[in-house]
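Have a look at the structure below, then the notes.
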Amino acid sequence: MAVETDFSQEGKKLTIKVKGRFDFGKHQEFRDAYERQRLRPETVVVDLKDATYLDSSALGMLLLLRDHVGGDDSDIRVVHASPDVRKILAISNFDKLFDIG
């Protein structure tokens, strides 16, 4: 699978790992990763360690995730992003919407 999920035992943190190209081809798989959970997590971590590419549709998917989790009150962290991906996120002002580490 190109998108893997891991829900913490206490049900407070959902980790979504994206592997390979993070583009429209991952749309349904990415959405299923957070919409099919029984509990709504307090924190969502999007791990891009194994992501090789990110495009505008991936940015849209991150915004949909943010809306689903709670909008401005959401706690979403984007971690392990490559320097190129960080640059795309910064240019798009996503560093103002998400905790990017």
Please go through region 16-41 and pick out each residue that is part of a strand (DSSP E or B) and either open to solvent by 40 Å² or more (accessible area, probe 1.4 Å) or within 12 Å of LEU64 (Cβ to Cβ) (or both). LYS17, ARG21
When you look at SER82, is it of a type in the set (Ser, Thr, Tyr) and surrounded by fewer than 13 Cβ atoms within 10 Å (Cβ to Cβ), yes or no? no
Which of the residues spanning region 42-53 are outside any loop (DSSP other than H, G, I, E, B) and either within 22 Å of ASP72 (Cα to Cα) or of a type in the set (Lys, Arg) (or both)? THR43, VAL44, VAL45, VAL46, ASP47
Just a yes or no: is a residue in region 92-99 crowded, with 18+ Cβ neighbours inside 10 Å and touching a Gly at 6+ places or on another chain (Cβ under 8 Å)? no
Close pairs from region 6-22: first in contact (Cβ under 8 Å) with a residue 12 or more places away in the chain, partner among the polar types (S, T, N, Q) and part of a loop (DSSP other than H, G, I, E, B), Cβ under 9 Å, at least 6 apart: PHE7/GLN37; GLY11/GLN37; LEU14/SER8; LEU14/GLN37; THR15/SER8
Consider SER82 against the criteria (1) within 13 Å of PHE98 (Cβ to Cβ); (2) out of contact with any Lys or Arg (no Cβ under 6 Å at 6 or more places or on another chain): it satisfies all of them except one. Which criterion is unmet? (1)
Cβ-Cβ distance below 9 Å, separation of 6 or more or different chains: which pairs start in region 34-57 with a residue that is farther than 19 Å from LYS19 by Cα and end on one that is in a strand (DSSP E or B) and open to solvent by 80 Å² or more (accessible area, probe 1.4 Å)? PRO41/LYS13; GLU42/LYS13; THR43/LYS13; THR43/ARG77
How many residues of region 56-71 are more than 13 Å from the chain's Cα centre (by Cα) and either under 18 Å from LYS87 (Cα atoms) or in a helix (DSSP H, G or I) (or both)? The answer is 2
Specify the residue that is surrounded by the most Cβ atoms within 10 Å (Cβ to Cβ); the eligible residues are those in region 1-12 that are part of a strand (DSSP E or B) and out of contact with any Asp or Glu (no Cβ under 7 Å at 6 or more places or on another chain). THR5
Is one or more of the residues making up region 60-76 open to solvent by less than 90 Å² (accessible area, probe 1.4 Å), in contact with a Ser or Thr (Cβ under 7 Å, 6 or more places away or on another chain) and closer than 20 Å to ALA2 by Cα? no
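The values are calculated or read from the model by the stated rules, or taken from the named source; none is laboratory data. What you are looking at is a predicted structure, and each value in this text was computed from that prediction instead of being measured. Using ideal geometry, Cβ is built from the backbone for each residue, glycine included, and neighbour counts are taken over all protein chains shown. Heavy atoms of the whole protein, side chains included, go into the accessibility calculation; ligands, DNA and RNA do not. Shrake-Rupley method; radii C 1.70, N 1.55, O 1.52, S 1.80 Å.
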